[in-house]
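J.: Have a look at this one before I ask anything.
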Amino acid sequence: MRVLLVEDHPPLAEAVCDALRRAGFNVDHVATAADACELSGQSDYALILLDLGLPDGDGLRLLPILRQNGRVPVIVLSARDQLVNRLGGLDGGADDYVVKPVEMPELVARVRAVLRRPGERADTILRLGTLALDTAARSVSVNDRAVVLGRRELSVLEQLMRSAGRVASRQVLEEAIYTLDDEVTPNALEAAVSRLRRALQAADCTVPIVNIRGVGWMLPRESGQ
Ligand code: CA
């Protein structure tokens with residue numbers, strides 16, 4: 001899942017990016033309100049983490065603009081710890097309000113909690129046949145035996161399992177594996193799919209990854225699922 005972090009303090013931004021990436025999220029980071037507006041309209045983010053004190057404006061003013069691009073949940077990150085500020089953030093449309101300094105495990109837990117709320121996905125475990133992916137623990141198993149996957153392979157598998165029975169397009173899968181900092185290579189997606197396929201086959205997984213030429217890839221649903 002893809003998260004947008006809007007934060008102008010480099011050390012904090014780096015710490016948040018690290019923590020979220022270790023938890024399995026793809027993170028794009030921007031440091032200004034202008035960049036946040038531009039990116040949020042271009043990409044499909046699962047959640048936005050928003051600092052309030054930005055060099056080119058107040059994050060609170062950004063909230064309604066970010067919301068115009070769909071009902072993406074927003075967690076405000078702020079050093080403003082007064083009740084009036086917290087109420088302003090929550091009444092302004094934020095889904096949660098985290099006061100700095102931030103403990104990274106708590107921030108990651110709050111991100112997961114917001115993503116679990118009704119209307120968002122409820123279950124952290126995706127299943128297809130003998131294959132199971134725990135989106136919170138970032139673990140995969142086949143027949144209850146753990147399968148170790150790299151970050152990109154895991155992201156591809158998560159996207160394929162979320163759209164099981166339907167084709168996941170090349171664009172959707174590429175968005176799942178890349179972050180802004182990644183160097184984009186033409187065959188990175190193919191390479192990730194073939195590593196994933198080999199790892200699943202080695203684990204005796206019976207769910208095939210089907211290539212739909214020119215369109216994308218899919219995991220077929222078995223009858224009765
Ligand atoms: Ca700031």
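J.: I'd like the full set of residues that are closer than 20 Å to R71 by Cβ and either more than 16 Å from the ligand (Cβ to nearest atom) or touching a Phe, Trp or Tyr at 6+ places or on another chain (Cβ under 6 Å) (or both), limited to segment 1-25. Before you say what the answer is, go through the steps one by one.
T.: So in segment 1-25, the residues closer than 20 Å to R71 by Cβ come out as 1-6, 25.
Scanning segment 1-25 gives M1, R2, V3, L4, F25.
J.: Under 8 Å between Cβ atoms, which residue pairs at least 6 apart in sequence (or on different chains) link something in segment 159-185 that is within 22 Å of V207 (Cβ to Cβ) with a partner that is of a type in the set (D, E) and assigned to a helix (DSSP H, G or I)?
T.: As it stands, the answer is A176/E158, since those pairs meet every condition given.
J.: Would a scan of segment 120-129 turn up a residue that is within 16 Å of the ligand (Cβ to nearest atom), open to solvent by 20 Å² or more (accessible area, probe 1.4 Å) and not polar (S, T, N, Q)?
T.: no
J.: Can I ask one more? Name the residue, out of V210, V215, V193, that is surrounded by fewer than 13 Cβ atoms within 10 Å (Cβ to Cβ) and in contact with a Phe, Trp or Tyr (Cβ under 8 Å, 6 or more places away or on another chain).
T.: From the options V210, V215, V193, the qualifying one is V210.
J.: Pairs under 9 Å by beta carbon, first residue more than 18 Å from L62 (Cα to Cα) in segment 3-25, partner part of a helix (DSSP H, G or I) and open to solvent by 70 Å² or more (accessible area, probe 1.4 Å), six or more apart or different chains?
T.: What qualifies is A19/P105; R21/R151; G24/R151.
J.: Checking the condition open to solvent by less than 50 Å² (accessible area, probe 1.4 Å), over 15 Å from the mean Cα position of the chain (by Cα) and either of a type in the set (S, T, Y) or not assigned by TED's automatic domain parsing to the domain that holds E174 (or both), which residue from D95, D35 passes? Show your work before the answer.
T.: Numbers: D35 fails: open to solvent by less than 50 Å² (accessible area, probe 1.4 Å).
Among D95, D35, only D95 is open to solvent by less than 50 Å² (accessible area, probe 1.4 Å), over 15 Å from the mean Cα position of the chain (by Cα) and either of a type in the set (S, T, Y) or not assigned by TED's automatic domain parsing to the domain that holds E174 (or both).
J.: May I ask you to list the residues in segment 38-72 that are more than 16 Å from the ligand (Cβ to nearest atom), surrounded by 20 or more Cβ atoms within 10 Å (Cβ to Cβ) and not hydroxyl-bearing (S, T, Y)?
T.: If the condition is that a residue be more than 16 Å from the ligand (Cβ to nearest atom), surrounded by 20 or more Cβ atoms within 10 Å (Cβ to Cβ) and not hydroxyl-bearing (S, T, Y), then L47, L66 are the ones that fit.
The values are calculated or read from the model by the stated rules, or taken from the named source; none is laboratory data. Keep in mind it's a predicted model, so treat the numbers as computed, not measured. In this analysis, Cβ positions are derived from the backbone assuming ideal geometry, glycine residues included, and neighbour counts consider all displayed protein chains. Please note that ligands, DNA and RNA were not included when accessible areas were found on the heavy atoms of the full protein model with its side chains. Shrake-Rupley method; radii C 1.70, N 1.55, O 1.52, S 1.80 Å.
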